[in-house]
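Read through the structure below, which is laid out as structure tokens, and then see the notes.
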Amino acid sequence: VSQTLNKREITITPISSSFSLTSYDNKAVADISKPETLSLSDGYYCATANNKEYNQTKKCFTVYQINSSFNIDFDYSKEKLVDLLKTEKTAILSQLSSQYSSVINYFTICEGALYKKGDWYSGIVTEKIQHQADSSDYYRFIMQKKNGEWIVKTTPSVVITKLSDESKDIPQEVITSANNQASCRAEVTTGSLLPDTTTFPEKPPIRDGE
């Protein structure tokens with residue numbers, strides 16, 4: 001009877017992928033492919049995505065004393081994001097170059113990365129006229145895909161902070177990853193992010209706060 005009393009009604013909803021649910025000691029509990037309500041004892045439980053296109057890092061939660069609901073969502077795997085970037089590159093950098101068309105000719109556009117479900121992107125531009133060994137030359141930016149269109153979320157800056165209005169709704173892990181990209185890993189070339197034929201009118205380069 002005591003074991004029954006210690007059970008909680010836990011509603012679990014998969015958002016992106018079906019998953020295997022295990023207890024803290026790695027014992028199988030259930031395979032979840034649709035919203036389900038389970039009777040679970042107090043404890044620590046973890047979900048692992050069944051679809052390999054999603055990150056295999058476990059999503060864990062604690063059941064304790066009350067009935068609860070949990071939505072389990074997984075981001076894409078790194079491999080999936082790399083493949084997805086191949087189809088998103090042109091749209092991403094076309095939007096960037098359009099928004100900063102009057103100044104972008106002063107910058108080298110560097111290779112970036114996708115995050116989450118391919119709906120967040122961070123990259124770097126670096127001023128051509130300064131020595132690239134100086135880390136202050138690197139201007140980081142973040143973009144988001146909304147309603148099928150890419151938008152620039154942050155003005156290119158040396159450091160992106162969570163404190164500004166333009167970045168307050170950006171996931172912290174995206175901001176951290178953007179700031180940790182310490183150098184220009186690869187210059188954008190034809191077949192990468194932006195065609196070599198793109199040219200822009202001359203104007204002073206982007207500066208913080210402008």
- prompt: Condition test on LYS80, is it surrounded by 19 or more Cβ atoms within 10 Å (Cβ to Cβ), in a helix (DSSP H, G or I) and out of contact with any strand residue (DSSP E or B) (no Cβ under 7 Å at 6 or more places or on another chain)?
  reply: no
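Test of understanding: among THR62, THR11, which residue is over 30 Å from PRO156 (Cα atoms), more than 26 Å from the chain's Cα centre (by Cα), part of a strand (DSSP E or B) and at pLDDT 95 or above? Steps first, answer last, please.
On the way: THR62 fails: more than 26 Å from the chain's Cα centre (by Cα).
Testing whether each residue is over 30 Å from PRO156 (Cα atoms), more than 26 Å from the chain's Cα centre (by Cα), part of a strand (DSSP E or B) and at pLDDT 95 or above leaves just THR11.
Please find, within segment 139-180, the residue that is farthest from GLN95 (Cα to Cα) out of those that are assigned to a loop (DSSP other than H, G, I, E, B) and either open to solvent by 80 Å² or more (accessible area, probe 1.4 Å) or modelled with pLDDT under 85 (or both). Quick ask: steps written out before the conclusion?
The first filter runs over segment 139-180 and keeps only residues assigned to a loop (DSSP other than H, G, I, E, B), leaving 147-148, 153-156, 158-164, 168-171.
With the extra rule that they be either open to solvent by 80 Å² or more (accessible area, probe 1.4 Å) or modelled with pLDDT under 85 (or both), the set shrinks to 147, 159, 162-164, 168-169.
On the way: ASN147: 14, VAL159: 21, LYS162: 23, LEU163: 25, SER164: 22, LYS168: 21, ASP169: 20 Å.
Out of the qualifying residues, it is LEU163.
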- request: Look through THR22, THR37, THR57 and report the one residue that is open to solvent by 30 Å² or more (accessible area, probe 1.4 Å) and within 28 Å of the chain's Cα centre (by Cα).
  value: THR57
query: How many residues does segment 98-121 contain that are over 30 Å from THR13 (Cα atoms), touching a strand residue (DSSP E or B) at 6+ places or on another chain (Cβ under 9 Å) and open to solvent by 10 Å² or more (accessible area, probe 1.4 Å)?
result: 6
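Under 30 Å from ASP73 (Cβ atoms) and modelled with pLDDT of 80 or more - does that describe any residue in segment 131-138? Break it down into steps so the answer makes sense when it comes.
Of the residues in segment 131-138, the ones under 30 Å from ASP73 (Cβ atoms) are none.
Checked segment 131-138: no residue is under 30 Å from ASP73 (Cβ atoms) and modelled with pLDDT of 80 or more.
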task: Kindly indicate whether LYS86 is closer than 26 Å to ALA47 by Cα and not hydrophobic (A, V, I, L, M, F, W, C).
output: no
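The values are calculated or read from the model by the stated rules, or taken from the named source; none is laboratory data. Keep in mind that what you see is a predicted model, and the values were worked out from it rather than measured. Every residue, glycine as well, gets a Cβ built from its backbone with ideal geometry; the counts of neighbours run over all protein chains shown. Protein only, heavy atoms only, side chains kept; ligands, DNA and RNA dropped before computing areas. Shrake-Rupley method; radii C 1.70, N 1.55, O 1.52, S 1.80 Å.
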